[in-house]
Amino acid sequence: MINQELTANVKGYIAPNAIVQFETDFYLSPTAKILGSCHIGAYTYFGDFCLIGGVNIGRYCSIAPSVKIGLGEHEIAYVSTHPFFMGSKNGFAVPDGIGVPRDLSKQKHRPPKIGHDVWIGTNAVICRGVTIGTGAIIAAGAVVNRDVKPYEIVGGIPAKHLKWRFAPEIINRLLDSEWWRLAPEDFVGIDSSNPISFLDALGL
């Protein structure tokens, strides 16, 4: 379900059963796919060949090519990891009554939550149930299976802390400012290369 007035930049595939909610226009590459129900913040974009399951994602996020977010995860404690044993036929002609459905209320099955101004690098995988804080950076190829704090940079398999983007006092000021609530026209003529002067110029 999409607001048809705001789909000029939505060029990719959206599954028939997906519900896509958004505040204003976002960009979906022609080769990207949304397979689950999503909430997408203003001016977020998805690069080529992204596969997006269910997710709640903030404003001004940059999603590089071939990123996978919130796709289904199998139960590893069941007798088999095959969908048959989780109550799904997956299109096969098999008898009813096979398997036990997953408990989708468990944290590990919930859609991930991604804050504002998050950059997710090429080929990264964001697992279900995780929260990625505002301003975080996910390195290319990382597999994120734990929460990531605001303005934290993580990388690796599984993803681990690499560094912070800024000093704590700058991180706190950025979070308190909530600059991402502003529209692009508010940033015209403002130097964005320095967080402090940027916030000063905005009066935040």
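Quick notes on this structure:
- In this structure the amide hydrogen of Val118, modeled in the peptide plane, comes within under 5 Å of the amide hydrogens of Cys61, Ser62, Gly135, none closer than 5 places in sequence on its chain.
- Amide H within-cut-off set for Leu28, under 5 Å, with H built and near neighbours excluded: Val10, Lys11, Gly12, Phe46
- Integer Hz, Karplus 6.51/-1.76/1.60 couplings in order for the stretch 102-119, x for Gly and Pro: 5, 8, 6, 7, 5, 3, 5, 9, 7, x, x, 10, 10, x, 8, 6, 9, 10
- Close amide H partners of His39, meaning residues 5 or more places away or on another chain with modelled amide H under 5 Å apart, are Gln21, Val55, Asn56, Ile57.
- Normalised contact order of the chain, rounded percent, pairs of Cα under 8 Å and 6 or more residues apart: 12 percent
- ³J(HN,Hα) computed for each position of the stretch 181-191 - Karplus, 6.51 cos²θ - 1.76 cosθ + 1.60, integer Hz, glycine/proline x: 6, 7, 8, x, 5, 6, 9, 4, x, 9, 5
- The chain: angle of helix 168-177 to the longest principal axis, Cα-based, in degrees nearest 10: 80 degrees
- Beta bridges per DSSP with both ends in the chain, % antiparallel, nearest 5: 10 percent
- Filter on Lys68/Lys89; Lys89/Lys113; Lys33/Lys163; Lys108/Lys149; Lys11/Lys160; Lys11/Lys68 - keep pairs with C-alpha separation over 26 Å: Lys89/Lys113; Lys33/Lys163; Lys11/Lys160
- Surrounding net charge for Leu71, when Lys and Arg each add one and Asp and Glu each subtract one, Cβ distance under 12 Å: +2
- The stretch 143-200 and the stretch 96-119 have Cα centres spaced 26 Å apart.
- Loop sites in the stretch 109-193: GluC sites (Glu not before Pro), DSSP, at most 14 other Cβ within 10 Å: Glu178
- Our coupling estimate for the stretch 126-135, obtained by passing each phi through the Karplus curve with A = 6.51, B = -1.76, C = 1.60 and θ = phi - 60°, is 10, 6, 5, x, 9, 10, 10, x, 4, x Hz, Gly and Pro reported as x.
Readers should treat all values here as calculations from the given coordinates under stated rules, not as data from a laboratory. Quick caveat, the model's predicted, so the values are computed rather than measured. FYI the Cβ positions are ideal-geometry reconstructions off the backbone, even for glycines, and counts take in every protein chain you see.
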